[in-house]
Amino acid sequence: MNRTGRVFLYFSVWVFLALGAVILNIWNIDWTQTHIVQGVIIIIVLGVLQGSVLEFPVQTIATLIIGGERRHNERASADNLTLVLNYNILALSKDDIDECLHTMYEAFMGNLSENISAVLVSATGDEALKKYELEVRDNYRALIYDELFREGLNYAAGDRSAVDPLRLQHVWSKYDHIDQNVFAREYLDGVCDEFAREFMVVHRVSRVLRKCGQYQDLMLLSEGDDKAYTYTDAAYYGRHARPYNQPLFHQSPDVDNIFLRRFDYTLVLDGDTGVTKGSVFDLLQVAAANPERGIIQPAIKLHCTGTDTMFMHMEAMRQSIYEPMTNALTALLGQSSFFGKGLIKNSVYIENVIGTRENVIERVPIDVLSHDTFEAALLRPLYCGSVFLLEAPSYNYVSWNIRERRWNRGEVLLAMYFWKNAIGVPMRWIQKTLQGNKFVPIKLRTESKLDFVTSYIAHSALRQMFMKPLLLIYIIIHYRTSLVYRWASIIIIMFLVLIFPKFATCNRSNYKYVLLETLASLVQFTPDSLVGCIRIVRAIHANLVLNAKWVPQRAVEEQFKQSNPFLSSFKHLWGYCVFSVIAIVLVVIFVSEAMLGLIMLVTLFLLPLYTGFTSLSPDLRSSRALAQRRQNLEQGAVNTVSKPDGKSQTGGVSAFANVAFVSEATPSFDLSEGYFQRLQPTAPPLYPQLDTVSTFAFNTRTSDEVFPHGVQTTSGELFSIPSGDPINSQNASTGTLNSDGPGGQIQTSYYITRANPNERLVHVSPPVLLSEVSTWTHL
């Protein structure tokens, strides 16, 4: 069956079931005891609610018929295609920068090729943080150089087992025709330096269009246009417009490096989006086989580890359970949503979304938050479920609720543009009334015409959002309606939403997780008919007055990590507890036969308890307890320890670490997190001159209670350090330590530098695993 036939059958079944539900609702009302107006209202509310809910069983039926397995898209050679890994950030703290650049480093090194660059587009305003971004960039550049130089020496020596297989294929194999000694002497330094310089940070001048504007400007810079011509017309955007011909980015060598590079594709990513090893090459091959597609949308996999919260595990579990339905629906419709993270073809995007200097299009509204909906409507993404990006789930219910509220605000803005007269005009009038002189009239330069399927996909989040007030209205009015089967309607709704879709996804291997997710969903989403309405009201209010104070999601998560999760949950959700207690008392006294409302209010009262409990790890430890346990381990074992990484499933990921200074009083090097961190001596005699030959021993230990690797101790003789003139990275003595580490053989190289007579640094390459507790001892 062709696409038109599949789409027609899909929506025909949906309409047929919806009409059947309306007929059953009419039959279920006892008209002899129900006023006709009240009966009509209940039929309308139930009709719309059940019509929306029936989307889930229709998707379930489609999944059972066509299958929910991952489709393997057609592929072609992509050797000549160029791509930029684009991370975007507006940093509020150094933690934001560290996380983002570390994630970008892993993505870059896991997909290294001469055709792939990595660019962080920063909209950070604080000058100190901007400077820090450049410092961290330089640190990672040095790390990239060190790791590639070590690997290049192994390649030149013919030790292919010590070379990453992907880099051997995409980087080193291109030099197979060159003599190994010549390569090491004449080529290796330049190759490593060139790749290090492809790890870039650029600072955007304007914040127009937020994240979407960041990668739009990056595309235009790549095409050779470094001055603004989009979103500069005050007739459309008022004072939100930026000056015409304003520089897109602050001048820097990285900006010059990108200018006129004409990248074929941009892989747009958030600051915490992980890119799995080799996945960029897979995406480019799919793109090469589908050159007409403007967006290739990889799957998004929610990724968590054993020390993450139960809420995070349930979110990841929920996504995994419903993955077959996503695979089936995107195959049936032939397109998917754009998740704001995906592979964009620059030429198609510029032609259809941005426009040229001579013919400006600007299809994305300047004030929109959910830019991906407009982009998906125009470019109709191809879903690539066999390749996935990594993303961390929300930490707990509170941070999830904050995210949902932010998304709701974006959906309200979308509704103002999609239904310009019905919603947009009244909302703009209210905005003008409430904001007074602060109101800025905004017009959309180029409207987008959506076909039926594209509209269905674009409005899916909006449909789910407005199911909450419909359900609340039904709960409020149904008790005064005489129904033949009072509980039939709500039981059917809950069954269709929570139970029936499991028939398409449940199997022998995951049935326990399906049962657990279903029970958790009952607790989490039953009170959401009220909490969801509050989110919508707050989202609408924020769009009307434009002065809403949004609490950063990271700040909330850090608060939970540093305090008792139950107390923090009550601090954020106490209002729901108080409201539910008062409402329960009033309902019991004044309302009879209101069991459905009581169930909702009881689950609302339990919400802080549920939030606190699911903020614990699966072994019932809080983040504070885990942090304290880790701190005790660090202080009891060694002087300093690198911090374990919460994202890694195997217990640690690479991060640069350096070793600082031998002291007569404390004859050991302390491993400290950071890059080229220099600890200035307090008194010169404490730092002795090293002898002509100095030997160092290296020891590691991990704890099975904190780190998944288990317990390990490794020691070995390292290298000699000559005395004399200050040592630099060009003439530094180097050595290697081979140890049987967790997961296989580990080879680590080291060299020592000296900035002044009283300061020495040992640089570690590749970096020590973050889960290792390490000390250096001067023997």
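Key figures for this structure:
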quantity	calculated
In segment 470-493, the residues that are assigned to a helix (DSSP H, G or I) and surrounded by 16 or more Cβ atoms within 10 Å (Cβ to Cβ)	L470, L471, L472, I473, Y474, I475, H478, Y479, S489, I490, I492, I493
Per-region count, segment 580-598, residues charged (D, E, K, R) and over 19 Å from W487 (Cα atoms)	0
Candidates V556, V531 - the one that is surrounded by 18 or more Cβ atoms within 10 Å (Cβ to Cβ) and modelled with pLDDT under 85	V556
Residues of segment 332-352 classified as at pLDDT 95 or above and of a type in the set (A, V, I, L, M, F, W, C), total	4
Whichever residue in segment 303-313 is surrounded by 18 or more Cβ atoms within 10 Å (Cβ to Cβ) and outside any helix (DSSP H, G or I) and, among such residues, is nearest to the chain's Cα centre (by Cα)	H303
Residue check for R160: of a type outside the set (V, I, T) and either buried (at least 20 other Cβ atoms within 10 Å of the Cβ) or not assigned by the TED database to the domain that holds Y140 (or both)	no
Sole residue being touching a Cys at 6+ places or on another chain (Cβ under 7 Å), assigned to a helix (DSSP H, G or I) and either more than 24 Å from V48 (Cα to Cα) or outside the structural domain of W14 (by the TED database) (or both), chosen from V514, V581, V556, V585	V514
Helices (runs of 4 or more DSSP H) enclosed by segment 150-229 - at least 3 residues per element that are over 30 Å from T124 (Cα atoms)	165-170, 188-197
Some residue of segment 281-295 being in contact with a Gly (Cβ under 6 Å, 6 or more places away or on another chain) and part of a strand (DSSP E or B)	yes
Tally, over segment 182-191, of residues that are closer than 23 Å to N115 by Cβ, in contact (Cβ under 8 Å) with a residue 12 or more places away in the chain and open to solvent by 30 Å² or more (accessible area, probe 1.4 Å)	2
Selected residue [part of a helix (DSSP H, G or I) and not hydroxyl-bearing (S, T, Y)] from G39, G68	G39
Subset of segment 207-234 that is without any contact (Cβ under 8 Å) to a residue 60 or more places away in the chain and surrounded by fewer than 21 Cβ atoms within 10 Å (Cβ to Cβ) - its residue that is nearest to R261 (Cα to Cα)	G224
Single unsatisfied condition, S592 versus (1) open to solvent by 90 Å² or more (accessible area, probe 1.4 Å); (2) not in a helix (DSSP H, G or I)	(1)
Within segment 163-181, tally of residues that are open to solvent by 30 Å² or more (accessible area, probe 1.4 Å) and under 28 Å from the mean Cα position of the chain (by Cα)	3
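The values are calculated or read from the model by the stated rules, or taken from the named source; none is laboratory data. Since the structure is predicted, the reported quantities are computational estimates derived from the model, not experimental observations. For neighbour counting, all protein chains shown are included, and Cβ atoms are generated from backbone atoms with ideal geometry for every residue, glycine included. Accessible surface areas use protein heavy atoms only, side chains included; no ligands, DNA or RNA. Shrake-Rupley method; radii C 1.70, N 1.55, O 1.52, S 1.80 Å.
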